[in-house]
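Have a look at the structure below before the remarks.
What follows draws every value from the coordinates through simple rules; no lab data is involved. No experiment lies behind these values; they were computed from the predicted model shown. Methodologically, a virtual Cβ is constructed for each residue, glycine included, from the backbone with ideal geometry; neighbour enumeration extends over all protein chains shown.
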């Protein structure tokens, strides 16, 4: 049998050797039991006598009906686990400072109070924690939807600075008597949440929530209401030096704090100063005529005020958060949209605040009117401009004491996406130039006359197959000299005539041609045996890049030069399969690089935040292997084709990076390169007459970028001189 404990149930003591108190009518002097795990009241327990002190230590107390008493549940020096009320716990005593519906004293503690019904101290307290300086403790008070806690003095009171309530969660109603308190804290409340269905109220100049000492987090998602001249929604302060510097660490209002005429939504003040470390308002703090949303006494401090309450220039007078007294050290405007942003209307202001943009705000370019009113220049500390998420902002004194927020530039996220889109367009440009360079290594001129000279002229079209494809048309001029019967050397020019883009992001100039050199040695003139060809080329193109507009990003434009250069060596061996057919396996190596210098976008009326770009360089060393064939169809007509594989043995794919807006990151220019790729060609030549030949060929290439390929068609007319 457990140790004997004395249990006071509403001032009635009855000697009963039982393990639980069930439905019954109780009267007498005392109830003494050896062990109580559950006290379930299913009838009525009444008392007309003054209660004595009591001690109990048990698991769960449940009151499921109604109890009408002088002093209700009173924990003196011991602790209970969970007290659950689904009925009524009502204290109808007179105005006795020690009377309450539920109370603790002498280090008594309650782990949890759960209320589904009514807890009422009609003339005193609903719940009081710690009736003396020795301390009391309540872990959690949960007031559920539809439940009520009422107190003629205060609905919930944490009586002394030695007392602690760890958590209050209200989804029902907490009501203070007329002219008194809803919740009054002399001690420490670690966390207090008024949920979306919760109501905390008082009338006749009462204070809905009052903190005299320490409060950790106070979150209002519901409604706090009060009225009567001098009434306060939330008071942080004390009227004497007994409680210096009452403090709230984190105050968040997502709901409504609504008062009548001549009231205060939040009053922060104390004879020795009071402090609210952080106050974030995304809901409504509003009072009637003559009232003020926030009042901060001169000796008191609000370190940071974050505010979304407001509207636009047409509704600022009625929707702005009103403020009087000592300004917060920091004021951050919260912006959800161009028509929903914080506005602060000041009056009788002292001190100065540092203005900023709240982290997470959805800023956009434009003007936000009347973000501050009633402010002089001396009320603004530090700078009145800055940067946020890529934007540049500044406060503009539009008239009198009214300040507008002017935002220019573009957001980091939108600008970052515009860089990604621009990089994709540049991929096509680099693909085109690299393809032109690699294909130029196939240029040749092998029809010679008596002077051992070959001249070939023609045209080429290369198309990039991609999401935003492009194509390029060029004129060709190729010349060669037969230095020895089996050796020829030559040069070529590939001049752009036009470039057609799917978009206007990248434009290539046509002013400078691609130029190249080649040399060929053949073992035999009929194509059998060994042949070695060496080629090199260099090209330069003026390039203009205009960023795509994404959301708030700007169409910044700048110019640079794109240089392409490389060399290739290929060896093949021709096998005479038939009299008119030669099959030629080949191997080779190629090196190419494409480099675009850094550049800076120009500033204009539409480009207020130009970017500066680093150089974008790519290079690759590539192994080549495949087989080619040519077949003399008639004495004048020849067909040829090839198929092969090229594989990068070493590559640098580069990064596209820019500065000018905070938070931009480099874009990997080819995050998933295709390192091994197929290539193929097909064509024909026709001997028009001696030493004059018409040629037509096509080349297909899979490019290093995913889902990107090129096709090239060339036509030439060659004359041997």
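Sorted from fewest to most neighbouring beta carbons within 10 Å, what does the list 403, 521, 393 look like? Kindly include the intermediate steps, with their values, before the conclusion.
On the way: 403 27, 521 16, 393 23.
Fewest to most other Cβ atoms nearby, the residues stand as 521, 393, 403.
Would you work out the relative contact order for the chain, in percent, from Cα pairs under 8 angstrom that are 6 or more residues apart?
Working: 2395 pairs, mean separation 38.5, N = 721.
Taking the mean separation of contacting Cα pairs over the length of the chain, I get 5 percent.
For 577, 478, 406, what ranking results if the residue with the fewest other Cβ atoms within 10 Å of its Cβ goes first?
Details: 577 12, 478 22, 406 17.
Lowest to highest Cβ neighbour count: 577, 406, 478.
Using only the alpha-carbon atoms of the range 202-354 as identical scatterers, what base-10 log of I(q)/I(0) does the Debye formula give at q = 0.09, 0.19 Å⁻¹?
Calculated log10 I(q)/I(0) at the listed q: -0.24, -1.17.
Give me 484, 470, 215, 596 ranked fewest to most by other Cβ atoms within 10 Å of their Cβ, as a rough exposure proxy. Intermediate values should be presented prior to the final figure.
Values: 484 9, 470 21, 215 28, 596 25.
By the 10 Å Cβ count, ascending: 484, 470, 596, 215.
Please compute the contact order of the range 369-519 in relative form: average sequence separation of alpha-carbon pairs under 8 Å and at least six residues apart, divided by the residue count, as a percent. Display every interim value, and only then the final one.
Values: 245 pairs, mean separation 23.2, N = 151.
So the answer I get is 15 percent.
Pulled fully out, how much extra length does the chain show between residue 381 and residue 272, if you take 0.36 nm times their separation in residues and subtract their Cα-Cα distance? The partial results should precede the final answer.
Numbers: separation 109, 0.36 × 109 = 39.24 nm, distance 2.46 nm.
That works out to 36.8 nm of additional length.
Compute the distribution of all C-alpha to C-alpha distances in the range 414-567, in bins of 5 Å from 0, and list the percent of pairs in each, rounded to whole numbers.
2, 9, 16, 17, 15, 12, 9, 7, 5, 4, 2, 1, 1, 0
Which three numbers, in whole Å and largest first, are the semi-axes of the equivalent ellipsoid of the chain derived from its Cα gyration tensor as √(5λ)?
Those come to 89, 32, 17 Å.
How far is helix 412-440 tilted, in degrees, relative to the longest principal axis of the Cα atoms in the chain, given as a value from 0 to 90 rounded to the nearest 10?
Tilt of helix 412-440: around 10 degrees.
Regarding the range 585-721, what are the three Cα extents along the principal axes, ordered largest first, in Å?
So the three principal-axis extents are 69, 35, 26 Å.
Given the chain, what percent of its DSSP beta bridges are antiparallel, to the nearest 5? Spell out each step's value before the answer.
Numbers: 179 of 322 bridges.
Around 55 percent antiparallel, to the nearest 5.
Would you calculate a helix-derived [θ] at 222 nm for the chain, using -39,500 (n - 2.57) for each DSSP H run of n ≥ 4 and dividing by the full residue count, to the nearest 500? Numbers along the way, then the final one.
Details: 2 runs with 33 residues, N = 721.
When only DSSP H runs of four or more count, the value is -1500 deg cm²/dmol.
Which order do the peptides 287-296, 681-690 take when ranked by the mean count of other beta-carbon atoms within 10 Å per residue, highest first? Kindly include the intermediate steps, with their values, before the conclusion.
On the way: 287-296: 20.0, 681-690: 15.2.
Per-residue mean Cβ counts within 10 Å order the peptides as 287-296, 681-690.
For the range 418-720, what's the relative contact order in percent, using C-alpha pairs closer than 8 Å and at least 6 residues apart?
17
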